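> One structure coming up, written as structure tokens, with questions to follow.
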Amino acid sequence: MAIDIANKHVKSKNRSAPVSENVYLLLLVKLYRFLARRTDSNFNKVVLKRLFMSRVNRPPVSLSRLVSLTKNASAKTAVVVATITDDERLDVVPKLSVAALHVTKSARARILNAGGEVLTLDQLAQRAPTGSNCVLLRGERNAREAVKHFGAAPGTPNSKAKPYVRSKGRKFERARGRRASRGYKN
């Protein structure tokens with residue numbers, strides 16, 4: 001048996017544990033690590049991987065997004081490995097069964113008032129150890145303000161990146177590169 005010298009120092013970039021020291025999160029990791037190992041369910045493996053993720057990679061899910069994504073799966077439990085936030089633009093909240101890492105106070109109140117239920121992920125593990133009758137959801141990862149500034153530098157041809165500007169007025173980034181009379185126009 002030979003040693004694979006080429007890959008001797010190759011290190012996996014994927015997380016194998018959360019960076020957070022939150023004891024409740026670490027208990028959930030312990031639970032889902034057990035379930036991922038002892039069940040054939042892919043659901044538990046995905047939940048475990050998402051528990052390892054950073055805050056940026058666990059974007060929140062609004063109530064309105066939750067309602068629109070579960071309208072065809074009303075009998076199932078919506079599972080979100082992130083925060084569920086309230087959406088004041090949503091008038092009527094239907095009866096929902098939800099399991100999440102965290103639910104904001106107002107979102108929790110609206111779900112419970114509609115006759116729904118809010119579970120923690122450990123309660124979900126007792127009820128559905130293999131993730132049966134559950135639908136896994138997640139938020140929009142690129143909805144952050146910072147993402148709008150990514151890409152080719154603003155002002156370069158065909159760039160859609162948002163510039164970091166103090167203001168959006170007449171005097172700010174309106175001349176060179178914006179008008180043909182001032183150097184060039186993109």
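The values are calculated or read from the model by the stated rules, or taken from the named source; none is laboratory data. As the structure is a prediction and not an experimental result, all values here were calculated from the model. Virtual Cβ from ideal backbone geometry, glycine too; neighbours counted across all protein chains shown. SASA here: full protein model, heavy atoms, side chains in, ligands and nucleic acids out. Shrake-Rupley method; radii C 1.70, N 1.55, O 1.52, S 1.80 Å.
> Looking at this structure, is V81 open to solvent by less than 90 Å² (accessible area, probe 1.4 Å), touching a Lys or Arg at 6+ places or on another chain (Cβ under 6 Å) and under 22 Å from R144 (Cα atoms)?
On the way: open to solvent by less than 90 Å² (accessible area, probe 1.4 Å): yes; touching a Lys or Arg at 6+ places or on another chain (Cβ under 6 Å): yes; under 22 Å from R144 (Cα atoms): yes.
Here the answer is yes, as V81 does meet what is asked.
> For region 84-93, give me the residue count where each residue is open to solvent by 10 Å² or more (accessible area, probe 1.4 Å), closer than 17 Å to E117 by Cβ and of a type in the set (A, V, I, L, M). Steps first, answer last, please.
Initial filter on region 84-93 (open to solvent by 10 Å² or more (accessible area, probe 1.4 Å)): 85-93.
Filter once more, so that each one left must be closer than 17 Å to E117 by Cβ: 86, 93.
Then keep just the ones that are of a type in the set (A, V, I, L, M); that gives 93.
The total comes to 1.
> Please indicate, with yes or no, whether at least one residue in region 102-110 is open to solvent by 40 Å² or more (accessible area, probe 1.4 Å) and over 24 Å from the mean Cα position of the chain (by Cα). Give the steps one after another, and end with the answer.
Looking only at region 102-110, we keep the residues that are open to solvent by 40 Å² or more (accessible area, probe 1.4 Å), and these are 102, 105-106, 108-110.
Still in the list and also over 24 Å from the mean Cα position of the chain (by Cα): none.
Taking every residue of region 102-110 in turn, none turns out to be open to solvent by 40 Å² or more (accessible area, probe 1.4 Å) and over 24 Å from the mean Cα position of the chain (by Cα).
> Can I ask one more? What tally of residues in region 106-138 results from selecting those that are under 20 Å from P60 (Cβ atoms) and among the charged types (D, E, K, R)?
Initial filter on region 106-138 (under 20 Å from P60 (Cβ atoms)): 106-112, 114, 116-121, 124, 134-138.
Now restrict to residues that are among the charged types (D, E, K, R): 108, 110, 117, 138.
Adding up the residues that qualify gives 4.
> Would you be able to tell me the number of residues in region 146-172 that are open to solvent by 90 Å² or more (accessible area, probe 1.4 Å) and free of Cβ contacts under 8 Å to residues at least 12 places away in the same chain?
Result for region 146-172: 6.
> Go through region 1-111 and tell me which helices (runs of 4 or more DSSP H), entirely inside it, have 1 or more residues that are touching a residue at least 24 places away in the same chain (Cβ under 8 Å) and hydroxyl-bearing (S, T, Y).
Hits in region 1-111: 23-38, 63-69.
> Please enumerate the residues belonging to region 25-64 that are surrounded by 14 or more Cβ atoms within 10 Å (Cβ to Cβ) and of a type in the set (V, I, T).
Across region 25-64, the qualifying residues are V29, T39, V46, V47, V61.
> Residue under question is E140, and the condition is that it be closer than 26 Å to K45 by Cβ, open to solvent by 70 Å² or more (accessible area, probe 1.4 Å), out of contact with any Phe, Trp or Tyr (no Cβ under 7 Å at 6 or more places or on another chain) and among the acidic types (D, E); does it hold?
yes
> So G115 fits all but one of (1) surrounded by 11 or more Cβ atoms within 10 Å (Cβ to Cβ); (2) out of contact with any Ser or Thr (no Cβ under 7 Å at 6 or more places or on another chain); (3) not in a helix (DSSP H, G or I); what number is the exception?
The one condition G115 does not meet is (1).
> Among the candidates K95, K71, K105, which residue alone is of a type in the set (D, E, K, R) and under 23 Å from Y24 (Cα atoms)? Working first, answer last.
Details: K95 fails: under 23 Å from Y24 (Cα atoms); K71 fails: under 23 Å from Y24 (Cα atoms).
Matching residue, one of K95, K71, K105: K105.
> Mind checking which residues of region 130-147 are out of contact with any strand residue (DSSP E or B) (no Cβ under 6 Å at 6 or more places or on another chain) and among the β-branched types (V, I, T)?
T130, V147
> Ok, one more. Keeping to region 93-107, report how many residues are closer than 17 Å to V81 by Cβ and not hydroxyl-bearing (S, T, Y).
Kept after step one, since they are closer than 17 Å to V81 by Cβ, are these residues of region 93-107: 96-104, 107.
Those left that are additionally not hydroxyl-bearing (S, T, Y): 96, 98-103, 107.
Selection size over region 93-107: 8.
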